[in-house]
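Following: one structure in structure tokens, then a few remarks.
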Amino acid sequence: MAHPTSLDSPIRCAVITVSDTRTPETDHSGQAIQAFLQQANHRILDYRIVPDEPELLRSLCTDFGRNPDIDVVILSGGTGIAPRDTTYDVIERLLEKT
């Protein structure tokens, strides 16, 4: 018996790029993530570029996590060593298990 969410069915995804400087035209990582997902026949239900603002990122991830239409949230960016790179810190606080 297969797991109910087998890889044969499309996964419904949200993609978030965390950056103070990227735009849809310069977000090469976000573009690549979406292209790989689409090549694997998965669906992109939402795509956002958000600034490195912890509360904004936390709120968006919480909203996506509560959305029954979204199976997976994929994040890119905001993981450097600069003080404003807070993605990991925000996501860590949202997890029940690391």
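Here is a list: L57, L75, L95. Which entry is touching a helix residue (DSSP H, G or I) at 6+ places or on another chain (Cβ under 8 Å) and open to solvent by 40 Å² or more (accessible area, probe 1.4 Å)?
On the way: L57 fails: open to solvent by 40 Å² or more (accessible area, probe 1.4 Å); L95 fails: touching a helix residue (DSSP H, G or I) at 6+ places or on another chain (Cβ under 8 Å).
That would be L75, the only listed residue that is touching a helix residue (DSSP H, G or I) at 6+ places or on another chain (Cβ under 8 Å) and open to solvent by 40 Å² or more (accessible area, probe 1.4 Å).
If you filter segment 4-22 down to residues that are open to solvent by 50 Å² or more (accessible area, probe 1.4 Å) and among the β-branched types (V, I, T), you find that the one that is modelled with the highest pLDDT is T21.
Conditions tested, residue by residue: (1) closer than 20 Å to Q31 by Cβ; (2) among the aliphatic types (A, V, I, L, M); (3) at pLDDT 95 or above.
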site: L45; (1), (2), (3): yes, yes, yes
site: P51; (1), (2), (3): yes, no, no
site: P54; (1), (2), (3): no, no, no
site: V73; (1), (2), (3): yes, yes, yes
site: G78; (1), (2), (3): yes, no, no
site: T98; (1), (2), (3): no, no, no
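Could you check how many residues of segment 30-54 are among the aromatic types (F, W, Y) and open to solvent by less than 80 Å² (accessible area, probe 1.4 Å)? Quick ask: steps written out before the conclusion?
Taking segment 30-54 first, the residues among the aromatic types (F, W, Y) are 36, 47.
Now drop any that are not open to solvent by less than 80 Å² (accessible area, probe 1.4 Å), which leaves 47.
So the answer is 1.
The single condition among (1) assigned to a helix (DSSP H, G or I); (2) open to solvent by 70 Å² or more (accessible area, probe 1.4 Å); (3) modelled with pLDDT under 95 that R84 does not meet is (1).
The values are calculated or read from the model by the stated rules, or taken from the named source; none is laboratory data. Computed from a prediction, not measured in an experiment: that's the story for all the values here. A quick note on method: Cβ atoms are made from the backbone with ideal geometry, for glycine too, and the neighbour counts reach across all protein chains shown. In case anyone asks, the SASA skips ligands and DNA or RNA and just uses the protein heavy atoms, side chains included. Shrake-Rupley method; radii C 1.70, N 1.55, O 1.52, S 1.80 Å.
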